[in-house]
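J.: Starting off with a structure, shown below.
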Amino acid sequence: MKRQAGPEVERLIQLLGKLPGLGPRSARRAVLHLVKNRDKLMAPLTSALADAHDKVVECHICGNVDTRSPCGICSDPRRNSGILIVVVTIDRIQRGGLSSVRLRAPIARTRCS
């Protein structure tokens, strides 16, 4: 017989299981780790998620996430607005040194139901 945790724990497992790369088993392990380390991990994660929910937006130009729109990348006056490069993830390109052009991440189509 499968043992189930309380409804709060099961809800956390279900929600984490919707994240890319986390299936039900990985989500269960993550929740157990969070619960066992609630002061070191769960409380700061809760606070960070609340802050992100309130402050993080999607840039209306490139699709990047930031606390403002346009984001810091698009509002950088050193970038050439006449050149646009479509990339999968903006952060990797930034580290690669393409800092003089505008970047656009395609709209991701994911299913989280």
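The values are calculated or read from the model by the stated rules, or taken from the named source; none is laboratory data. None of the values given here were measured: they were computed from a predicted structure. Methodologically, a virtual Cβ is constructed for each residue, glycine included, from the backbone with ideal geometry; neighbour enumeration extends over all protein chains shown.
J.: How many residues, within segment 16-28, are under 15 Å from residue 45 (Cβ atoms) and either touching a helix residue (DSSP H, G or I) at 6+ places or on another chain (Cβ under 6 Å) or at pLDDT 95 or above (or both)? Give the derivation first.
T.: Our first condition is that a residue be under 15 Å from residue 45 (Cβ atoms); within segment 16-28, this holds for 16, 19, 22, 27.
From what's left, either touching a helix residue (DSSP H, G or I) at 6+ places or on another chain (Cβ under 6 Å) or at pLDDT 95 or above (or both): 16, 22, 27.
Number of matching residues: 3.
J.: Additional query: Which helices (runs of 4 or more DSSP H) does segment 6-86 wholly contain that include 3 or more residues that are touching a Gly at 6+ places or on another chain (Cβ under 9 Å)? Before the answer, list the steps.
T.: Details: elements: 7-16, 24-36, 43-55.
Counting at least 3 such residues, we get 24-36.
J.: Name the one entry in 35, 31, 56, 65 that is among the hydrophobic types (A, V, I, L, M, F, W, C), without any contact (Cβ under 8 Å) to a residue 40 or more places away in the chain and in contact with a Cys (Cβ under 8 Å, 6 or more places away or on another chain). First the steps, then the outcome.
T.: Working: 35 fails: in contact with a Cys (Cβ under 8 Å, 6 or more places away or on another chain); 31 fails: in contact with a Cys (Cβ under 8 Å, 6 or more places away or on another chain); 56 fails: in contact with a Cys (Cβ under 8 Å, 6 or more places away or on another chain).
Only one candidate qualifies: 65.
J.: Another question about this same structure. Just wondering, is there one or more residues in segment 54-77 that are at pLDDT 90 or above and either in contact with a Phe, Trp or Tyr (Cβ under 6 Å, 6 or more places away or on another chain) or exposed (fewer than 11 other Cβ atoms within 10 Å of the Cβ) (or both)?
T.: So far as segment 54-77 goes, yes, one or more of its residues are at pLDDT 90 or above and either in contact with a Phe, Trp or Tyr (Cβ under 6 Å, 6 or more places away or on another chain) or exposed (fewer than 11 other Cβ atoms within 10 Å of the Cβ) (or both).
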